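Below is one structure, written out as structure tokens; comments come after it.
The values are calculated or read from the model by the stated rules, or taken from the named source; none is laboratory data. Note that the structure is a prediction, hence the values are computed from the model and not measured. Cβ atoms come from the backbone with ideal geometry, glycine included; neighbour counts cover every protein chain shown.
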Amino acid sequence: MKKIRILLSVLVVCLCEVGFGQGRSILPLNGNWTFALDPVQVGENEGWYRPSVVSDRFDEVTVPHCFSVDKRYEFYTGKAWYLKKFSSRGAGEAHMRSWLHFDAVFYRARVWLNGERVGDHEGGYTPFEVEMTGKLKQENVLAVEVDNSWDTTTIPGAKTSVAYQASNVGQQYPWINYGGITRPVTLVTRPEVFIRSVKVSTDPDLKKSTAKIRVRAVVSGVSRVLVGGRIYREGKVLRDLKAVPVASDGTVNFETVLPAKDVALWDQDHPNLYKAEVFLGDDTLATAFGIRKLEARGNQLLLNGEPIKMGGANRPLDHPDYGSMDPAEVLDKDLGLMKGGCMEMSRINHYPVPEYLLDWADRNGLLIIEEAGNWQMTPKQMSDTMMRRKWQSQMREMVERDWNHPSIFAWSMGNEFQSQTAEGKSWVKDMGAFTRGIDSTRLITFASMMVWRETVKTAQDEASAFVDFISANIYGNYLKNIQHIHEVYPDKAVFLSEFGIRADQVKDEGQRVAHLQNAMAAFRQCDYVIGACVWTFQDYRSRFPGSNVNGYRPWGLVGPQREVRGMYTAWQEEFAPAVVEKVVVGGGPSGSGGSGVQAGGSTGKLTIRVTARKDFPSYTLRGYTLKYNGQSLPLRTLRPGESQELVVDAGGETKVSLVKPGGFVILTKSF
């Protein structure tokens, strides 16, 4: 039983903290809570937060909980209350401090413990903590008031009055305000002096194959203590970091160089991970990290010194059964489909994603741009000091949670705001500097709907002048619009942060596939395009004007319940970094048919040519295999433009699959 309890504790920590320390304890507060809607806002006046409140008429729910998809409260907007009774053993233990940790509550939260208001938070997708030291009893009552309403001061929210958009549209944003305590809740106990955060940065020397590792820890409750650390890979200690005293500002910095024999670079096909551990007395904090070098150099994006170009997808945080809760079983399926469809470089969403998504991306090799929630803010909002501070708070919470994930290669300053205005330019310049002040190890961008317009004639006409690479949302005239961006910004790479077409804007799926194939043909003519991100991976619910009467916006490669459409299959081939074709004698290569005599030398043999794409997508293929009839043939390393021919046994129709490292089948052809 003791081993089982330890395992459960470790699993909980993976959800709510960077790592697990022997001097700290974690008490999950998920599971049974009581719940009540508060549409006319009487809860606070009637003392619903008091331990003496009579709540026998409240409903029972299971936290994490999204009341927007609970059939009893479906799509409710307003205030609601969650109540939880829990025991806290050792709550008054000397030299220990306690916090309530919420992974996410949408959108505003006010927290009471044992009748005392102990904290507030605004921001629906980022974690926050409320200190409970000295306030816990053996038996406790926790009350959380949640409000998922929006207005012109929330992020996301409504627009202030503008001339360029009708007021009925400006009052909405295009995804559902899924309310509730949507991610796990825990009670965290730490020593009086503890490690608050650990940040790891890496700088591989690509010529020597060594890597410089920097570890920065922040200690809370500063005293005269020594802090040490270790670097691990696959459970093996690679480096002991010599204990050093905490600086007067509470920081500790370590630096070491790993020799070539200990360096395994992280990339999309080889997501090698390490662990950094920092310890102070009984307290230990650990984090996973990867060693990789990402650079925006001219109009190229380089990963570990090699140019990469990749497909991707936007994935709204939306599921018919779970709303925005995003349980592991949904994420595992979705991200597996994305990886199998070579959607490997994504501006994944308009707001911070669950950390489990990033953990999966780290382990399996996805590249992610993570974005804080400036969705179409107006110039008035972007210049408002209060709105700037709210956005900065949410951005800081996101960055400080996620700065060790090797999957994240860029931070986005927002989506589709008026970036041609003085306010838009100031926003990108100022918020970019703010974000770099927290984490300078990643690139800066934002998703622009203005940069491709002909009114942008010089680089200073639009805020893309202040980013490391351009992200553009384009829904037609692809070649013309991309070429215009390049004319204005010839030294910047271009990433299509959104492109696509709705399923209800065409007569059939074939027409939709043709639209996107034409888009890909345009991208392949422009060697400065580094990525293209389909809008969207799945259909999503919305009340935004123009949504269908069933409540969905049908942009997806898959449907709401992840039913795979013809679009997904077509896109799997378009986004694959290689072409697989049959070789015929006298007639050249043929995709799935063709005439002539098969190469291979004898009946029952088939020659297959695998060519690494040189246009788009494009990157070096290492460790790939070709599978057929239960057999597997390894491919040699193929750089963009290089080919390899393999002879396979054939009998009737032969299915041949291209398989990535990690076992992801990315392309299947029948010959």
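Counting only residues that are part of a loop (DSSP other than H, G, I, E, B) and either among the β-branched types (Val, Ile, Thr) or touching an Asp or Glu at 6+ places or on another chain (Cβ under 8 Å) (or both), how many does the stretch 98-148 have?
So the count comes out to 8.
Pairing each residue of the stretch 602-626 that is assigned by TED's automatic domain parsing to the domain that holds Gly531 with any residue that is outside any loop (DSSP other than H, G, I, E, B) and among the charged types (D, E, K, R), provided the two are 6+ apart or on different chains, yields no C-beta distance under 9 Å. Annotation: Asp249 fulfils all but one of (1) surrounded by fewer than 20 Cβ atoms within 10 Å (Cβ to Cβ); (2) free of Cβ contacts under 8 Å to residues at least 40 places away in the same chain; (3) outside any loop (DSSP other than H, G, I, E, B); the unmet one is (3).
Which residues, taken from the stretch 69-97, are among the aliphatic types (A, V, I, L, M) and assigned to a loop (DSSP other than H, G, I, E, B)? First the steps, then the outcome.
Here is the first cut: in the stretch 69-97, the residues among the aliphatic types (A, V, I, L, M) are 69, 80, 83, 91, 94, 96.
Within the stretch 69-97, Val69, Ala91, Ala94 meet the criteria.
When the stretch 100-133 is limited to residues that are touching a residue at least 24 places away in the same chain (Cβ under 8 Å) and surrounded by fewer than 17 Cβ atoms within 10 Å (Cβ to Cβ), the one that is nearest to Ile181 (Cα to Cα) turns out to be Glu129. With respect to Arg502, determine if the residue is within 30 Å of Tyr76 (Cβ to Cβ), touching a residue at least 24 places away in the same chain (Cβ under 8 Å), charged (D, E, K, R) and crowded, with 21+ Cβ neighbours inside 10 Å. Judged against the criteria, Arg502 is not a match. Considering the stretch 389-445, and only residues there that are assigned to a loop (DSSP other than H, G, I, E, B) and polar (S, T, N, Q), the residue that is farthest from Met345 (Cα to Cα) turns out to be Thr421. Among the residues of the stretch 244-263, those identified as farther than 26 Å from Lys208 by Cβ and under 29 Å from the mean Cα position of the chain (by Cα) are Thr251, Val252. Comparison of Gly323, Gly341, Gly365 shows that the only residue that is surrounded by fewer than 24 Cβ atoms within 10 Å (Cβ to Cβ), at pLDDT 95 or above and more than 10 Å from the chain's Cα centre (by Cα) is Gly365.
So for the stretch 285-307 (the condition being of a type in the set (Val, Ile, Thr) and within 22 Å of Cys342 (Cβ to Cβ)), does at least one residue qualify? No: the stretch 285-307 contains no residue that is of a type in the set (Val, Ile, Thr) and within 22 Å of Cys342 (Cβ to Cβ). Filtered by the rule that a residue be closer than 17 Å to Gly235 by Cα and of a type in the set (S, T, N, Q), the stretch 264-295 gives Asn272, Thr284, Thr287. Annotation note: Cβ proximity below 7 Å between a residue of the stretch 204-218 that is free of Cβ contacts under 8 Å to residues at least 12 places away in the same chain and a residue that is among the small types (Gly, Ala, Ser) and part of a strand (DSSP E or B) (sequence gap 6+ or interchain) occurs for Asp205/Ala211. Residues considered: Gly546, Gly551, Gly531, Gly556. Of these, the only one that is under 30 Å from Val69 (Cβ atoms), of a type in the set (Gly, Ala, Ser) and crowded, with 16+ Cβ neighbours inside 10 Å is Gly556. Checked against (1) outside any strand (DSSP E or B); (2) surrounded by fewer than 15 Cβ atoms within 10 Å (Cβ to Cβ); (3) not hydroxyl-bearing (Ser, Thr, Tyr), Asn177 passes all but a single condition, namely (2). Of the strands (runs of 3 or more DSSP E) lying entirely inside the stretch 255-365, the ones with 2 or more residues being of a type in the set (Gly, Ala, Ser) and within 20 Å of Val399 (Cα to Cα) are found at 283-289. Looking across Leu241, Leu294, one residue alone is under 30 Å from Ala521 (Cα atoms) and either of a type outside the set (Asp, Glu) or buried (at least 20 other Cβ atoms within 10 Å of the Cβ) (or both). It is Leu294. Screening Thr133 against (1) over 30 Å from Gln420 (Cα atoms); (2) out of contact with any Phe, Trp or Tyr (no Cβ under 7 Å at 6 or more places or on another chain); (3) modelled with pLDDT of 95 or more leaves a single unmet condition, (3).
Looking at the stretch 449-460, is at least one residue buried (at least 21 other Cβ atoms within 10 Å of the Cβ), under 19 Å from Arg347 (Cβ atoms) and assigned by TED's automatic domain parsing to the domain that holds Ile368? Yes, because at least one residue in the stretch 449-460 is buried (at least 21 other Cβ atoms within 10 Å of the Cβ), under 19 Å from Arg347 (Cβ atoms) and assigned by TED's automatic domain parsing to the domain that holds Ile368. The residues on offer are Val42, Val53, and the sole one that is out of contact with any Cys (no Cβ under 8 Å at 6 or more places or on another chain), touching a residue at least 12 places away in the same chain (Cβ under 8 Å) and not in a strand (DSSP E or B) is Val53.
Only one of Gly21, Gly43 is at pLDDT below 95, surrounded by 14 or more Cβ atoms within 10 Å (Cβ to Cβ) and not assigned by TED's automatic domain parsing to the domain that holds Asn404. Can you tell me which? On inspection, the qualifying residue turns out to be Gly21. The number of residues in the stretch 604-656 being outside any loop (DSSP other than H, G, I, E, B), more than 37 Å from the chain's Cα centre (by Cα) and of a type in the set (A, V, I, L, M) comes to 4.
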